[in-house]
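The values are calculated or read from the model by the stated rules, or taken from the named source; none is laboratory data. All figures in this text were calculated on a predicted structure; none of them were measured in a lab. Here the Cβ positions follow ideal geometry from the backbone for every residue, glycine too, while neighbour counts run over all protein chains shown.
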């Protein structure tokens, strides 16, 4: 028995809209989410060896600037870091979760696996930098 060559014409329609690739062959339709390469490149990128916790701590120190009694909110820290590092494109919820994970007295602290003790939670969304992390002021 010899080989038989069959030619079957197939009409394929492809379209991209709203972040989805749609392929249609006769009545069959396949829709696939397309990753936007430009958006994927906008992920948070910190310098090597630095974590988001380091950024939270550095921002709190900048906001406090040696005043150990200075209170702040996660929103104030977020505004400061967004102003200082607009290229990072931080998500507000992610930032807030990291601030909570730095305050052992916060009731949601127990749900975080990566814990720090940078802040004292004062209630009503207010925080203060832990006294042992405040750099002593040098007399001028």
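Against the definition (in contact with a helix residue (DSSP H, G or I) (Cβ under 7 Å, 6 or more places away or on another chain) and either touching a residue at least 24 places away in the same chain (Cβ under 8 Å) or exposed (fewer than 12 other Cβ atoms within 10 Å of the Cβ) (or both)), how does residue 118 come out, yes or no? Walk me through it before giving the result.
On the way: in contact with a helix residue (DSSP H, G or I) (Cβ under 7 Å, 6 or more places away or on another chain): yes; either touching a residue at least 24 places away in the same chain (Cβ under 8 Å) or exposed (fewer than 12 other Cβ atoms within 10 Å of the Cβ) (or both): yes.
For residue 118, the condition - in contact with a helix residue (DSSP H, G or I) (Cβ under 7 Å, 6 or more places away or on another chain) and either touching a residue at least 24 places away in the same chain (Cβ under 8 Å) or exposed (fewer than 12 other Cβ atoms within 10 Å of the Cβ) (or both) - is met.
Give the range 82-106 a look and list any residue that's closer than 15 Å to residue 116 by Cα and either touching a residue at least 24 places away in the same chain (Cβ under 8 Å) or part of a loop (DSSP other than H, G, I, E, B) (or both), or say none.
Listed by number, the residues that qualify are 95, 98, 99, 100, 101, 102, 103, 104, 105, 106.
With respect to residue 79, is the statement that it is closer than 30 Å to residue 126 by Cα, modelled with pLDDT of 90 or more, assigned to a helix (DSSP H, G or I) and touching a helix residue (DSSP H, G or I) at 6+ places or on another chain (Cβ under 9 Å) true?
No; evaluated as a whole, the condition is false for this residue.
Name the one entry in 63, 56 that is part of a helix (DSSP H, G or I), touching a residue at least 60 places away in the same chain (Cβ under 8 Å) and within 12 Å of residue 127 (Cβ to Cβ).
Going through 63, 56 in turn, the sole match is 56.
Residue check: is residue 86 modelled with pLDDT under 90, exposed (fewer than 12 other Cβ atoms within 10 Å of the Cβ) and under 15 Å from the mean Cα position of the chain (by Cα)?
yes
Sort out which residues of the range 1-25 are farther than 15 Å from residue 35 by Cα and assigned to a loop (DSSP other than H, G, I, E, B), and write them in order of number.
Across the range 1-25, the qualifying residues are 1, 2, 3, 4, 5, 6, 7, 8, 9, 10, 11.
What number of residues within the range 110-135 satisfy the criterion of being part of a loop (DSSP other than H, G, I, E, B) and farther than 17 Å from residue 69 by Cα? Show your work before the answer.
Step one: filter the range 110-135 for residues part of a loop (DSSP other than H, G, I, E, B), giving 112-118, 124-125, 130, 134-135.
Filter again for farther than 17 Å from residue 69 by Cα, leaving 112-116.
Total meeting the criteria: 5.
Taking interchain pairs and intrachain pairs at least six residues apart, which have beta carbon atoms under 9 angstrom, with the first residue in the range 122-138 and modelled with pLDDT of 85 or more and the second surrounded by fewer than 10 Cβ atoms within 10 Å (Cβ to Cβ)?
Qualifying pairs under 9 Å: 128/69.
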